[in-house]
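Below is one structure, written out as structure tokens, with a few remarks after it.
The values are calculated or read from the model by the stated rules, or taken from the named source; none is laboratory data. Everything numeric here is computed off the predicted structure, so don't read it as measured data. Using ideal geometry, Cβ is built from the backbone for each residue, glycine included, and neighbour counts are taken over all protein chains shown.
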Amino acid sequence: MGGHPLIAWTIRAAQLSTLLTDWLVSSEDPEILAVARSYGAPTPFVRPADLAGDEVRNIDTVRHALEFMEDDTGRSYDLIVLLQPTSPIRSPAHIDEAVRLLWASPLETLASVKGPFQKRDPILKRIRNGVLEPYCQASGHDQREPMYVYNAAIYAVKRDYFLNHGKLVSDRQVPFVLDEFHSADIDNESDLIVADAYLRYLGDRGVEPVKEEFK
């Protein structure tokens, strides 16, 4: 995307963050690790084979990385931030602001979201027996509360909560709202095309992170 491997955009954002004490790329794949290193990312370990594959949960790979780093550095970290490479347009400033927000909050976790979505008619539908119908029955359409959706760009959690509960999210979270452009989340080819267009649009206007050149 934009002339660089997808993972490079997240690496660059982490490099330019001022509030991440340490950061790394976790992978079991030699090609991914090689590309990450070529862009200056720390790759202090090869992820174990039992933590590879589509069925492995983020909490397991994060726990492995945390345990490795605390053992390797002798530090006990305060916060853990998960930056997925499929969210390439989140900026270093977004990472730092997320850290600040969670650090200042009594809540245990933070998640970036996109929104608000507020429509007069219900926008969530389900199909039952070939019929499209409301997913949630809502009353008082004019009073409907705005809705927000995870965009997968940033998850952050306080260390002790993560270790005690084994969760990156909680029922009550610090919200970090990003606009539609910075909420690009790539799951398929059409998402990639849209994200590339967003990147060029933001670049033409000198908006982070595009104006920062790769070193």
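Counted as qualifying within segment 1-103 are the helices (runs of 4 or more DSSP H) with 1 or more residues that are β-branched (Val, Ile, Thr) and loosely packed, with under 14 Cβ neighbours inside 10 Å, namely 58-73.
Close contacts from segment 62-86, counting a first residue that is touching a residue at least 40 places away in the same chain (Cβ under 8 Å) and a second that is small (Gly, Ala, Ser) and outside any loop (DSSP other than H, G, I, E, B), with Cβ to Cβ under 6 Å and a gap of 6+ residues or different chains, come to Leu79/Ala156; Val81/Ala156; Gln84/Ala152.
Consider Ile11 carefully, then state whether it is within 25 Å of Asp96 (Cα to Cα) and either modelled with pLDDT of 95 or more or over 20 Å from the mean Cα position of the chain (by Cα) (or both). So Ile11 passes the test. Among the residues making up segment 141-162, a single one is more than 18 Å from Ile123 (Cβ to Cβ) and surrounded by fewer than 14 Cβ atoms within 10 Å (Cβ to Cβ): Asp160.
The number of residues in segment 157-205 that are in contact with a helix residue (DSSP H, G or I) (Cβ under 6 Å, 6 or more places away or on another chain) and part of a helix (DSSP H, G or I) comes to 0. Reported count of residues in segment 43-59, each being in contact with a helix residue (DSSP H, G or I) (Cβ under 6 Å, 6 or more places away or on another chain), closer than 17 Å to Trp23 by Cα and not aromatic (Phe, Trp, Tyr), is 1. Sub-8 Å Cβ pairs linking a first residue in segment 158-170 that is closer than 10 Å to Arg63 by Cα and of a type in the set (S, T, N, Q) to a second residue that is in a loop (DSSP other than H, G, I, E, B) and modelled with pLDDT of 95 or more, at least 6 apart or interchain, number zero. Within this structure, Leu110 fails the test of being at pLDDT below 95 and part of a strand (DSSP E or B).
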